[in-house]
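A.B. asks: Supplied in structure tokens, the structure appears directly below.
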Amino acid sequence: MSSPASAGGSPGPASDPTTAVSPSGRTPLSASDPPGARPPTGPPQRPSDQRRPDILAGRISRGGEGPCYGLVTDDGREYALYGTGLGTWLTGTWVRVTVGPAPADVNCGPGILVGLVAINRVD
């Protein structure tokens, strides 16, 4: 003798397609979580945002016609920039600079001395 569900030709609970429907009403694409969906086990060992060491951004603290300028970054670091032919920069201007090795035998005042390769205003 057969059960009433199978006698009428309806599928039993094991083959019922509605059991795979998510609470949102949509059928999930996979029965398992995607890789990487697990919460982190702790903080990263290295910084996760890679920053180019030759790019700095901040405010001009000592301006003028050059070749020496001062720069203070958002984290409060002060740099002494040395670069010829890079124009006149007003104190307080927000800039992004590309730096290189510090020139020999140059003193541009307080701060970490670096060579100034390029300077661009940030609006």
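The values are calculated or read from the model by the stated rules, or taken from the named source; none is laboratory data. Note that this is a predicted model, so its numbers are computed, not measured. Here the Cβ is made from the backbone with ideal geometry for all residues, glycine too, and neighbour counts use every protein chain on show.
A.B. asks: May I ask you to list the residues in the range 47-72 that are in a strand (DSSP E or B) and either exposed (fewer than 14 other Cβ atoms within 10 Å of the Cβ) or not basic (Lys, Arg) (or both)? Quick ask: steps written out before the conclusion?
C.D. replies: In the first step, residues of the range 47-72 are kept if they are in a strand (DSSP E or B); the result is 55-62, 64, 68-72.
Those that are in a strand (DSSP E or B) and either exposed (fewer than 14 other Cβ atoms within 10 Å of the Cβ) or not basic (Lys, Arg) (or both): 55, 56, 57, 58, 60, 61, 64, 68, 69, 70, 71, 72.
A.B. asks: Residue under question is residue 46, and the condition is that it be closer than 23 Å to residue 119 by Cβ and modelled with pLDDT of 75 or more; does it hold?
C.D. replies: Numbers: closer than 23 Å to residue 119 by Cβ: no; modelled with pLDDT of 75 or more: yes.
No; evaluated as a whole, the condition is false for this residue.
A.B. asks: Let me ask something additional. Tally up the residues in the range 96-123 that are of a type in the set (S, T, N, Q) and loosely packed, with under 15 Cβ neighbours inside 10 Å, please.
C.D. replies: Within the range 96-123, the first condition is being of a type in the set (S, T, N, Q), and the residues that meet it are 98, 107, 120.
With the extra rule that they be loosely packed, with under 15 Cβ neighbours inside 10 Å, the set shrinks to 107, 120.
Qualifying residue count for the region: 2.
A.B. asks: Then there is this: Look through the range 66-113, keep the residues that are among the hydrophobic types (A, V, I, L, M, F, W, C) and touching a residue at least 40 places away in the same chain (Cβ under 8 Å), and return whichever of them is nearest to residue 53 (Cα to Cα).
C.D. replies: Among those that are among the hydrophobic types (A, V, I, L, M, F, W, C) and touching a residue at least 40 places away in the same chain (Cβ under 8 Å), it is 99.
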